[in-house]
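Trainee: Please find one structure pasted underneath; my questions will follow.
The values are calculated or read from the model by the stated rules, or taken from the named source; none is laboratory data. Since we're looking at a predicted model, the values are computed, not measured. So basically every Cβ, Gly included, is an ideal-geometry build from the backbone, and we count neighbours across all protein chains shown.
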């Protein structure tokens with residue numbers, strides 16, 4: 001693996017399998033077999049955006065690997081008062097053994113990683129969310145036994161979101177078929193579509209659902225886009241994941257969501273709470289196991 005995990009471009013297919021194997025092992029042995037590759041090490045967790053799953057899973061994960069997590073509120077750091085990202089990277093590299101960052105601009109994370117001499121993990125930016133997608137792929141592997149060209153996924157909603165962008169990189173890495181069902185106003189980025197025949201943009205939500213193994217959606221109004229709420233609620237309304245779509249999918253189709261979910265908006269309550277269709281909490285749990293594997297491999 002490379003020094004950092006900023007997007008799924010940083011991983012090879014071999015890296016992906018290594019992460020899956022270690023994450024599955026750690027999941028099976030959690031609480032029974034000690035595994036402390038971060039013993040005596042400190043990991044800084046920089047947060048500019050509020051969080052439930054990301055913060056808890058990383059703090060717990062660092063602790064279970066034997067390390068010490070340090071929560072750092074970006075608004076209360078000097079970088080929030082004008083210190084450059086490069087200066088922050090230089091200083092933190094002398095105190096810590098790794099950095100996890102959840103923030104707005106992806107360019108800030110790239111600059112942090114460029115200057116830092118310790119591993120940097122992107123825990124979310126406006127453009128990419130690699131740790132979430134790794135957890136999604138692990139979940140698919142658990143339910144289907146594989147993540148390859150035989151898997152068909154349909155993502156509904158904002159085709160330019162950090163989830164959609166990262167899923168397109170995942171499709172390039174694994175070969176799975178990915179359909180992005182999105183309105184013209186928020187169609188996927190051309191550079192992520194180009195040259196990849198297993199990724200498609202589909203305007204018709206019903207057509208996108210045909211033969212699907214996994215449905216995926218995300219909130220229509222992400223953090224930082226609140227001023228666009230009215231417009232987004234209107235253009236995404238036809239792209240709700242609901243029972244009607246499942247009529248066109250494969251019989252055993254499952255539902256994924258990175259959470260938090262807004263029932264009645266991007267997903268119907270019936271789908272979200274259906275124990276036979278919804279696997280969102282298995283997916284959420286896998287954030288912990290995948291991130292532990294990534295940290296162990298990068299910071300060992």
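Residue-wise test of (1) surrounded by 13 or more Cβ atoms within 10 Å (Cβ to Cβ); (2) farther than 30 Å from residue 27 by Cβ; (3) touching a strand residue (DSSP E or B) at 6+ places or on another chain (Cβ under 6 Å).
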| site | (1), (2), (3) |
| --- | --- |
| 203 | yes, yes, no |
| 251 | no, no, no |
| 260 | no, no, no |
| 265 | yes, yes, no |
| 280 | yes, no, yes |
| 292 | yes, no, no |
| 297 | yes, no, no |
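Trainee: Still on this structure: So which residues in region 221-242 are in a helix (DSSP H, G or I) and surrounded by fewer than 15 Cβ atoms within 10 Å (Cβ to Cβ), if there are any at all?
Mentor: Once the filter is applied, which keeps residues that are in a helix (DSSP H, G or I) and surrounded by fewer than 15 Cβ atoms within 10 Å (Cβ to Cβ), region 221-242 yields 226, 227, 228, 229, 230, 231, 233, 234, 237, 238.
Trainee: Could you check region 47-78 and list, in sequence order, the residues that are surrounded by 15 or more Cβ atoms within 10 Å (Cβ to Cβ) and under 11 Å from residue 102 (Cβ atoms)?
Mentor: Result: 47, 48, 49, 51, 53, 54, 55, 58, 72, 74.
Trainee: Still on this structure, please answer the following. Looking only at region 1-19, count every residue that is touching a strand residue (DSSP E or B) at 6+ places or on another chain (Cβ under 6 Å) and outside any loop (DSSP other than H, G, I, E, B) and tell me the total.
Mentor: The qualifying residues number 1.
Trainee: Out of 45, 38, 26, report the one residue that is touching a helix residue (DSSP H, G or I) at 6+ places or on another chain (Cβ under 8 Å), in a helix (DSSP H, G or I) and either within 14 Å of residue 64 (Cβ to Cβ) or modelled with pLDDT of 95 or more (or both).
Mentor: Matching residue, one of 45, 38, 26: 26.
Trainee: Filter region 207-218 down to residues that are in contact (Cβ under 8 Å) with a residue 60 or more places away in the chain and assigned to a loop (DSSP other than H, G, I, E, B) and give me whichever is nearest to residue 253 (Cα to Cα).
Mentor: 213
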